[in-house]
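A short write-up of the structure that comes next.
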């Protein structure tokens, strides 16, 4: 979904669970469900807040044992990388490895995708 439809995106319900990593840290995810939405976030460098597209991804309890069982991804470049895979009917059979490089607001993310039987 392009930015021309941003205002039509639904608001993401609370609580927000922002997906965060340190520089060069990675996290492996298996995604069981997902949805796009929008929300206002208040990063340290923009305390007045900004409205952004959000990708909420649900993961198994084995990956995230504490409530809520989802992450809210706000990094626009990462969302752009993930959506083509998530829009496939077999996305639940994929493993996603997300690695962060740098610090906000200039951080970048690398996405690696494997099928459920492959290892990273």
Percent breakdown of C-alpha pair distances by 10 Å bin, ordered from the shortest bin, for region 15-86: 18, 52, 28, 2
Listed peptides 43-50, 100-107 by packing density, highest first (mean Cβ within 10 Å): 100-107, 43-50
In nm, spacing of pseudo-spin labels at residue 107 and residue 18 (7 Å Cα→C-beta vector): 0.9 nm
Inter-label distance for residue 11 and residue 25, nm, one decimal - labels placed 7 Å from Cα along Cα-to-Cβ: 3.0 nm
Ranked packing of 58-64, 69-75, most packed first, by mean Cβ within 10 Å: 69-75, 58-64
For the chain, Kirkwood radius (reciprocal of mean inverse C-alpha pair distance, Å): 15.0 Å
Extension gain from residue 89 to residue 67, taking 0.36 nm per residue of separation minus the Cα-Cα distance: 5.3 nm
Crossing angle, helix 76-86 versus the chain [Cα axis fit, 0-90 degrees, rounded to tens]: 40 degrees
FRET efficiency, residue 76 to residue 120 (Cβ-Cβ, R0 30 Å, nearest 0.05): 0.80
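Rule-based calculations on the coordinates, nothing more; no lab input. Quantities reported herein were computed from a predicted structural model and do not represent experimental measurements. Using ideal geometry, Cβ is built from the backbone for each residue, glycine included, and neighbour counts are taken over all protein chains shown.
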